[in-house]
Ligand SMILES: [Mn+2]
C-alpha cells in the first residue's frame with residue numbers, strides 16, 4: 001500500500017499543533033505489527049507531500065500532488081484540513097469518521113473546522129455524496145447546515161441505539177453505490193479513552209475495536225479510491241497509545 005505523508009498542522013490554527021509529527025511517528029509504529037488480523041502481511045511504500053509554512057500554499061501543494069496520485073493510497077496527516085487538497089483534486093464521494101462535522105462558516109483558506117463546508121461550497125464535493133459517522137459535538141450552525149442540506153450522518157447516539165453491526169450495515173448501504181469513495185478518518189472519532197492524543201477531547205466515541213470492525217467491513221467495498229487518517233497529536237498523547245492505535249489502523253486498512 002502506498003502511504004502519503006502530509007506533515008502539516010497549519011489548518012488547526014495552532015489548536016492542534018503537533019499533528020505535523022504524526023506521519024513519521026505512525027509509519028515508524030507500523031514495524032510493531034507483524035501480521036494483520038486477517039493473516040496478511042501488508043507491504044508499504046512511503047512518499048511525502050512537500051508542504052510549506054503557508055496554509056493556502058499547503059492546500060495547493062496537496063491538490064497538485066493528488067491530481068496525479070496512483071490509487072489506492074492512504075494519506076497520513078496532519079490536521080483535518082489536509083483532506084481539503086486531496087478531495088479538491090479527486091472530487092470523490094466521502095465517508096468521514098469524525099466527532100465533528102467540520103462545517104463552520106466558509107472562509108479562506110480552509111481550516112480543520114470548515115474544510116468540509118469549503119469542499120461543498122467550492123463545488124469539489126457533492127453534498128449528496130457525503131456520509132458522516134461518529135458525530136457527537138457540533139456548533140448549532142453546523143447541525144442546522146447538516147439538516148438543511150440533507151447531509152447523511154450517523155451520530156454516536158444513532159450508532160449506540162442501533163448497535164455496531166446494524167449501524168455498519170446502514171453505513172455500507174449508504175456508500176456502496178457511490179463512484180470513487182474516499183474514506184477520511186479523524187482519530188477523534190474514537191473515544192478519548194482510546195485516543196487521547198488529539199486536539200479536541202470528545203467523550204462518548206467509538207471504541208478502537210468498533211472502528212476496526214467498520215474498517216474490516218468497509219475494505220470489502222469495490223469503490224474505494226483511498227483513505228486518510230488525521231488529527232493524531234503525539235504531544236497530547238498518553239503512553240504513545242494514540243500513535244500506536246493509528247499505526248494499527250493503517251496496518252489493518254492495508255491488509
Ligand atoms: Mn474532529
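The values are calculated or read from the model by the stated rules, or taken from the named source; none is laboratory data. Since we're looking at a predicted model, the values are computed, not measured. Cβ: placed from backbone, ideal geometry, glycine included. Neighbour counts: every protein chain shown.
Across region 82-102, the qualifying residues are those that are in a loop (DSSP other than H, G, I, E, B) and under 21 Å from residue 211 (Cα atoms), and the one among them that is farthest from the ligand (Cβ to nearest atom) is 101. Tell me yes or no: at least one residue of region 103-111 is part of a loop (DSSP other than H, G, I, E, B) and buried (at least 24 other Cβ atoms within 10 Å of the Cβ). Within region 103-111 (the criterion being part of a loop (DSSP other than H, G, I, E, B) and buried (at least 24 other Cβ atoms within 10 Å of the Cβ)), the answer is yes, since at least one residue qualifies. In summary, strands (runs of 3 or more DSSP E) completely within region 130-208 and bearing 3 or more residues that are closer than 15 Å to residue 97 by Cβ and either away from the ligand (no atom under 13 Å from the Cβ) or free of Cβ contacts under 8 Å to residues at least 24 places away in the same chain (or both) occur at 152-155, 181-186.
When 14, 53 are checked against the criterion of being over 16 Å from residue 246 (Cα atoms), modelled with pLDDT under 95 and either in contact with a helix residue (DSSP H, G or I) (Cβ under 8 Å, 6 or more places away or on another chain) or not in a strand (DSSP E or B) (or both), 14 stands alone in meeting it.
Inspection of region 17-36 finds no residue satisfying the criterion of being in contact (Cβ under 8 Å) with a residue 40 or more places away in the chain, in a loop (DSSP other than H, G, I, E, B) and buried (at least 23 other Cβ atoms within 10 Å of the Cβ).
Residue 178 satisfies every condition listed in (1) touching a strand residue (DSSP E or B) at 6+ places or on another chain (Cβ under 6 Å); (2) surrounded by fewer than 15 Cβ atoms within 10 Å (Cβ to Cβ) except (2).
Given the criteria surrounded by fewer than 23 Cβ atoms within 10 Å (Cβ to Cβ) and part of a strand (DSSP E or B), does residue 124 qualify? No.
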